[in-house]
């Protein structure tokens, strides 16, 4: 048999590499093909699965797919023997190429099942009993000693908590994850995590330790001193399972034999920060050298009604550290450290002070004009850590169960001036691999791209938050849905949004309306453009990753939302009871800077049509033809009503705001006869502002895509490259290193914007990133071939007649799809347009260059030259 040059690589199970704790009983397997030959593709595959790596070499005991003739390499459903709790499955794959030659077998990958039955859990919920108060409580420490026999083969810990947990074993932290077990509606479902701790155990004496923190479960959330959203009694559920070489098994659980004590963490709250008294540290609390004298018996709590589910999305982890760049002392004894970048995480600080020295650590995104820390925009959130020194030498502090959004760190309370090197920023976010890169000849656009990415990193912390610093930090649905397409370019967010879509369903009310935030802790449902995230986000994940399962699982919740809107409509027009409008748009009512002029009925009815059209398409994809026909007919009725109610016979849209025209044109609500006039009115609205935008959260993501859709890409470029207020580049000229909530959150002339809504890390306006990738660079999805199975390469540079002084004359862009790297780079030189394109193996592309006919190409590296 001839051997192929193809190499199968990047084997994944449910998007993850070698995952522990899989709950899917029919998990999906995927791989990439490394093959630089032009036209390279897969024509068949064979998967084998076994209980051991050795078993793959002979007759696999779990599954042999045989040779399957197909080019499909994503989401192949496991079809072997039944998968039981705890089982590890080893698998590999080989493929046949376009010449019919077979590849070598891939490297061995594996996935391991979690605890699939409730009866698998022997552990009890334990903790320290406390009284309910209005204040944050000290963090309880838990401890359990146990003895193991010689001959340990493997060991797993299955663990979760009500509240957050930090787990220790024999003096070492277990895992690299933070904010575990993550944020869900703890009344409906609680995630557990699996750790391989084989190397952390030893025969003889061992000690397990845990710290519990309030987190999202019991801490402050939302506004108005909202506390204990899910409960106040913190508790741990932990099960250590040890397997010996002789085949015997042993289980050590959270049970009445555990002990508890209070330690140095006097409070640790997400909004308000952590107070740590190092004098109260319990020496060797998590090791065999610790003493039992200070420990008391734990309390066993009843199990919650919520289901236990293995965590299926990427963990939050430390990603990088940022050194202090500048140190100042604006007021005697007040030391401020500038990290040079607005980030999310905390400061790691070194101390060398006498015992009892109380250091206050405050965080802020900006400085006041006098050089002091700006904190007015934090509202009720304290964002303050406190550390009380134990003395006797060097000390190091990092908080445990809080995070901050900041660029600047302020220290007070020290008798001696600290050194600049004593403060380091620790960046944390969900560990989502970077997938997109965009660079061009304009340095300010490159800074914009960096700001978009930093905004995404800082706000993707287990859920897609709106902002990371003030008393909010919630999974706002509107922000997420306008940004999700850009998010999919920048990072691999498939598992992240798959989990969050379940949060959306959990937060849906009985009538079918999706909530303002998910998980829901503030109440409020059915806001147009916000609640529509329940349809738009699953649909976007399908388009970008080719995942039909997310459509299947979210189908009923999407359908309930469409039916809720239909019920609320009158003659197919929705007058919403709750609507945030074009949030922070600039064409606002006098004295109402958050309430833009675009009528709520236009926004609500437009999104009603848009979401219904998406849902009809989903029904067709899933083979639900009756629903597809029913909801397609409903879309036609909504569009007709929209035109009857809001649009003149020529195409003038009521209120004549930029956003009203963008919705009508972007969502295909107008008949073709009305589109030219509507487009002309949109352009007039832009031009009368001297080519500036006036849009808010709803209109801005549509602005440049709509202009390009209707052949006005040069105007879109003018908006992108605009430097005066309001524009994307204006904030950069004011020193921004992330995306801002307002177009004028700060100006050097007028200072800070309204402190009520003035986040300096708010990714919504970063939605322009989608247009930069798919229009400036030219990497587009083919709507008929989701997941980039077929790619459209269509770079659209500015024309010579654009009238702009400065022109982008080169772009370098790449996107790591599930099939491999797509690259679209171009340059303009001496009137010629040079394009450099990379198409990954097992995909095809249509390349459309300026002024040229479309070209169909296969995988490989391609170069094209044309005139411009």
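The values are calculated or read from the model by the stated rules, or taken from the named source; none is laboratory data. All values derive from a computational prediction rather than experimental measurement. Virtual Cβ from ideal backbone geometry, glycine too; neighbours counted across all protein chains shown.
Do you know which of the residues in segment 26-62 that are without any contact (Cβ under 8 Å) to a residue 24 or more places away in the chain and in contact with a strand residue (DSSP E or B) (Cβ under 6 Å, 6 or more places away or on another chain) is surrounded by the fewest Cβ atoms within 10 Å (Cβ to Cβ)? Even if it seems obvious, please write down each step before you answer.
Here is the first cut: in segment 26-62, the residues without any contact (Cβ under 8 Å) to a residue 24 or more places away in the chain are 54, 57-61.
Okay, now just the ones that are also in contact with a strand residue (DSSP E or B) (Cβ under 6 Å, 6 or more places away or on another chain), so 60-61.
Values: 60: 21, 61: 15.
The extreme case among them is 61.
Listed here are the residues, each with its yes/no results for (1) in contact with a helix residue (DSSP H, G or I) (Cβ under 9 Å, 6 or more places away or on another chain); (2) at pLDDT 95 or above; (3) closer than 27 Å to residue 460 by Cα; (4) in a helix (DSSP H, G or I).
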| residue | (1), (2), (3), (4) |
| --- | --- |
| 663 | yes, yes, no, yes |
| 676 | no, yes, no, yes |
| 679 | yes, yes, no, yes |
| 684 | no, yes, no, yes |
| 706 | yes, yes, no, yes |
| 738 | yes, yes, yes, no |
| 765 | yes, yes, yes, yes |
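Condition (residue is crowded, with 19+ Cβ neighbours inside 10 Å and over 24 Å from residue 580 (Cβ atoms)) applied to segment 685-695: is it met by at least one residue? Scanning segment 685-695 turns up no residue that is crowded, with 19+ Cβ neighbours inside 10 Å and over 24 Å from residue 580 (Cβ atoms).
Condition first: in a strand (DSSP E or B) and either surrounded by fewer than 16 Cβ atoms within 10 Å (Cβ to Cβ) or within 24 Å of the chain's Cα centre (by Cα) (or both). Now tell me which residues in segment 339-355 satisfy that.
If we filter segment 339-355 for residues that are in a strand (DSSP E or B), which is where we start, we get 339-351.
Within segment 339-355, 339, 340, 341, 342, 343, 344, 345, 346, 347, 350 meet the criteria.
Taking the numbered list (1) within 21 Å of residue 353 (Cα to Cα); (2) over 38 Å from the mean Cα position of the chain (by Cα) in turn, residue 289 passes all entries but (1). Quick one: which residue in 753, 769 is at pLDDT below 95, touching a strand residue (DSSP E or B) at 6+ places or on another chain (Cβ under 9 Å), closer than 30 Å to residue 474 by Cβ and assigned by TED's automatic domain parsing to the domain that holds residue 480? So the residue among 753, 769 that is at pLDDT below 95, touching a strand residue (DSSP E or B) at 6+ places or on another chain (Cβ under 9 Å), closer than 30 Å to residue 474 by Cβ and assigned by TED's automatic domain parsing to the domain that holds residue 480 is 753. Please determine whether any residue of segment 4-16 is touching a helix residue (DSSP H, G or I) at 6+ places or on another chain (Cβ under 9 Å), under 20 Å from residue 191 (Cβ atoms) and in a strand (DSSP E or B). Yes, the conditions are met somewhere in segment 4-16. Test residue 103 against the criterion of being surrounded by fewer than 20 Cβ atoms within 10 Å (Cβ to Cβ) and either modelled with pLDDT of 95 or more or touching a helix residue (DSSP H, G or I) at 6+ places or on another chain (Cβ under 7 Å) (or both), and give yes or no. No, not satisfied.
State which residue is nearest to residue 7 (Cα to Cα) when the search covers only segment 72-85 and only residues that are in contact with a strand residue (DSSP E or B) (Cβ under 6 Å, 6 or more places away or on another chain) and in contact (Cβ under 8 Å) with a residue 40 or more places away in the chain. In this case the residue turns out to be 73. Of 534, 523, 585, 581, all but one fail to be under 26 Å from residue 740 (Cα atoms) and surrounded by fewer than 20 Cβ atoms within 10 Å (Cβ to Cβ); the exception is 523.
Given the criteria touching a residue at least 12 places away in the same chain (Cβ under 8 Å) and surrounded by fewer than 23 Cβ atoms within 10 Å (Cβ to Cβ), does residue 751 qualify? The answer is yes for residue 751.
For segment 209-240, how many residues meet the condition of being assigned to a strand (DSSP E or B) and over 17 Å from residue 128 (Cα atoms)?
Going residue by residue through segment 209-240, those that are assigned to a strand (DSSP E or B) are 209-213, 235-240.
Then keep just the ones that are over 17 Å from residue 128 (Cα atoms); that gives 239-240.
So the count comes out to 2.
Here residue 778 meets the list (1) touching a helix residue (DSSP H, G or I) at 6+ places or on another chain (Cβ under 8 Å); (2) closer than 29 Å to residue 543 by Cβ almost entirely, failing just condition (1).
Could you tell me whether segment 620-642 includes any residue that is assigned to a loop (DSSP other than H, G, I, E, B) and either closer than 21 Å to residue 596 by Cα or more than 29 Å from the chain's Cα centre (by Cα) (or both)? Yes: segment 620-642 contains one or more residues that are assigned to a loop (DSSP other than H, G, I, E, B) and either closer than 21 Å to residue 596 by Cα or more than 29 Å from the chain's Cα centre (by Cα) (or both). Could you run through segment 193-215 and say how many residues are surrounded by fewer than 24 Cβ atoms within 10 Å (Cβ to Cβ), under 15 Å from residue 166 (Cα atoms) and under 26 Å from the mean Cα position of the chain (by Cα)? Count: 3. Within segment 725-734, how many residues are out of contact with any strand residue (DSSP E or B) (no Cβ under 8 Å at 6 or more places or on another chain), surrounded by fewer than 23 Cβ atoms within 10 Å (Cβ to Cβ) and part of a loop (DSSP other than H, G, I, E, B)? Total satisfying the criteria: 3.
Of the residues making up segment 785-819, those that are out of contact with any helix residue (DSSP H, G or I) (no Cβ under 9 Å at 6 or more places or on another chain), part of a loop (DSSP other than H, G, I, E, B) and at pLDDT 95 or above are 789, 809. Here residue 401 fulfils each of the conditions (1) under 30 Å from residue 756 (Cβ atoms); (2) surrounded by 17 or more Cβ atoms within 10 Å (Cβ to Cβ); (3) out of contact with any helix residue (DSSP H, G or I) (no Cβ under 8 Å at 6 or more places or on another chain) apart from (3).
Looking at 274, 309, 243, 250 in this structure, which one is in contact (Cβ under 8 Å) with a residue 24 or more places away in the chain, under 23 Å from residue 403 (Cβ atoms) and not in a loop (DSSP other than H, G, I, E, B)?
Numbers: 309 fails: under 23 Å from residue 403 (Cβ atoms); 243 fails: under 23 Å from residue 403 (Cβ atoms); 250 fails: under 23 Å from residue 403 (Cβ atoms).
Going through 274, 309, 243, 250 in turn, just one is in contact (Cβ under 8 Å) with a residue 24 or more places away in the chain, under 23 Å from residue 403 (Cβ atoms) and not in a loop (DSSP other than H, G, I, E, B): 274.
Scan segment 849-864 and give yes if some residue there is at pLDDT 95 or above, surrounded by fewer than 19 Cβ atoms within 10 Å (Cβ to Cβ), on the phi > 0 side of the Ramachandran plot and not in a loop (DSSP other than H, G, I, E, B), otherwise no. The answer is yes; a qualifying residue exists.
Inclusion of residue 586 among residues that are in contact (Cβ under 8 Å) with a residue 12 or more places away in the chain, in the same structural domain as residue 682 (by TED's automatic domain parsing), within 24 Å of residue 719 (Cα to Cα) and within 30 Å of the chain's Cα centre (by Cα) is warranted.
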